[in-house]
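Visitor: Sharing a structure below in structure tokens format, with a few things to ask.
The values are calculated or read from the model by the stated rules, or taken from the named source; none is laboratory data. The shown structure was predicted, so the numbers you read here are calculated from the model rather than taken from an experiment. Every residue, glycine as well, gets a Cβ built from its backbone with ideal geometry; the counts of neighbours run over all protein chains shown.
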Amino acid sequence: MAEKHQKKHNRQQEDNHDEFTSVKHSVKRKRTERKLRKKRKKVNHLKTFLSSALLILLVIGGYEFFKMPQWYLPQDTFTNPMSGRVDIVNNRIVPTYVIQNEIKDVEVSKLPIFLTSVTPIKKELYENPVIKKVYIRRYGFPARLQIIIREREPIAVIKQDINSKPSAFFTTDGMLVMHKRYMNISDKEAKLLKILTSSKDLQKDIPFEKYQELEKIVQAVETYSDEKVEYIDLRKPNDVFVKIKTTSIRLGTLDNTVYERIKRIYTILPQITEVNSKIKYIDLSWDRVNYLKLQQTK
């Protein structure tokens, strides 16, 4: 009986010891967890502080960076062509100095280049009848602009004499350009139809329908002569001439019989090689008669 009681007593002591050990371990674990929470708070506070400090530094640094003068256009950007801050490219007909003059009154923005509006520049340039489209690129360090010009395409030049500079030209979209500042098209003239006209006709607008009518006549001449038309002479409206490589062709009045008269070119053009004298022109101005006009000899 005493032995049984002793065992029971021992078990109770073991249970009390285990319970005490468990409580002790639990307290130790809670202390450890409390220490870890404190460390995490400190780390989180430090991270928050460092993040805030970094953000403040970035804001201040960014503000100071974008205040640098390299982000801003000088106030003489548009009035001083030698500033090097405006690069004009792709203009072939309109001279660069004309474009520079057209934007000289544009107010220079006080904002950084990447916030600068290019609308005022485009508005001024679109007043130019030759300019069809304007693209503007903005660059920094230093702040500068690149103006890319897309011009209307000429299809015919109007002159008072074959060797003179153009006085006007038609574009593919039907516009007649007459301002002398926009006549820098000498490099394109070889491919363009040349129309000779009088100074009196140049004092009034020439409708695009007139050019379309002349283009049909030129195409008919090229078809029946198998030669390229060099120019059409309208200086005498009732005595029109067309120049091809071989000779000149007198069409006379451009009435409703002109296309029938043009058809006779292919029958008379071969006769030129059979004539020893120099031919001045082929005369197709008569309805049913055509002949070769010879140059007068001294």
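Visitor: If the requirement is being of a type in the set (D, E, K, R), assigned to a helix (DSSP H, G or I) and more than 20 Å from the chain's Cα centre (by Cα), which of these qualifies: Lys47, Lys122?
Guide: Lys47
Visitor: Also, quick follow-up: Is it the case, given these coordinates, that Asp201 is acidic (Asp, Glu), outside any helix (DSSP H, G or I) and either surrounded by 12 or more Cβ atoms within 10 Å (Cβ to Cβ) or within 29 Å of the chain's Cα centre (by Cα) (or both)?
Guide: Answer is no for this residue.
Visitor: Do you know which residues across segment 260-287 are charged (D, E, K, R), modelled with pLDDT of 70 or more and over 21 Å from Val218 (Cα atoms)?
Guide: Correct list: Lys278 only.
Visitor: If Gln146 satisfies every condition in (1) over 30 Å from Lys210 (Cβ atoms); (2) crowded, with 16+ Cβ neighbours inside 10 Å; (3) out of contact with any Gly (no Cβ under 6 Å at 6 or more places or on another chain) but one, which is the exception?
Guide: Here Gln146 meets the rest and fails (2).
Visitor: A further question on this structure: Please determine whether any residue of segment 57-79 is of a type in the set (Ser, Thr, Tyr), within 60 Å of the chain's Cα centre (by Cα) and either more than 26 Å from Thr119 (Cβ to Cβ) or at pLDDT below 85 (or both).
Guide: yes
Visitor: Something else about it: Considering only residues that are of a type in the set (Val, Ile, Thr) and within 12 Å of the chain's Cα centre (by Cα), which ones fall in segment 130-146?
Guide: Ile131, Val134, Ile136, listed by residue number.
Visitor: Taking segment 155-174 on its own, how many of its residues are in a loop (DSSP other than H, G, I, E, B) and touching a Phe, Trp or Tyr at 6+ places or on another chain (Cβ under 8 Å)?
Guide: Summing the residues that are in a loop (DSSP other than H, G, I, E, B) and touching a Phe, Trp or Tyr at 6+ places or on another chain (Cβ under 8 Å) in segment 155-174 gives 2.
Visitor: When the residues of segment 74-95 are filtered to those that are free of Cβ contacts under 8 Å to residues at least 12 places away in the same chain and in a helix (DSSP H, G or I), which remaining residue is nearest to Lys180 (Cα to Cα)?
Guide: Applying the filter and picking the extreme gives Met82.
Visitor: Please work out if Ser109 is without any contact (Cβ under 8 Å) to a residue 24 or more places away in the chain, out of contact with any Cys (no Cβ under 8 Å at 6 or more places or on another chain) and among the small types (Gly, Ala, Ser).
Guide: Judged against the criteria, Ser109 is not a match.
Visitor: Let me ask something else. Every residue in segment 113-150 that is without any contact (Cβ under 8 Å) to a residue 60 or more places away in the chain and over 30 Å from Met183 (Cβ atoms), please.
Guide: Across segment 113-150, the qualifying residues are Ile113, Phe114, Leu115, Thr116, Ser117, Arg138, Tyr139.
Visitor: Here's something else I'd like to know. Considering every residue within segment 95-108, establish whether at least one is over 24 Å from Arg152 (Cβ atoms), in contact with a Ser or Thr (Cβ under 7 Å, 6 or more places away or on another chain) and at pLDDT 90 or above.
Guide: yes
Visitor: Can you name the condition, by its number, that Tyr182 falls short on among (1) hydroxyl-bearing (Ser, Thr, Tyr); (2) modelled with pLDDT under 90; (3) surrounded by fewer than 12 Cβ atoms within 10 Å (Cβ to Cβ)?
Guide: It fails just one condition, (3).
Visitor: Restricting to segment 85-95, count the residues that are buried (at least 16 other Cβ atoms within 10 Å of the Cβ) and over 17 Å from Phe141 (Cα atoms).
Guide: Number satisfying all stated conditions: 4.
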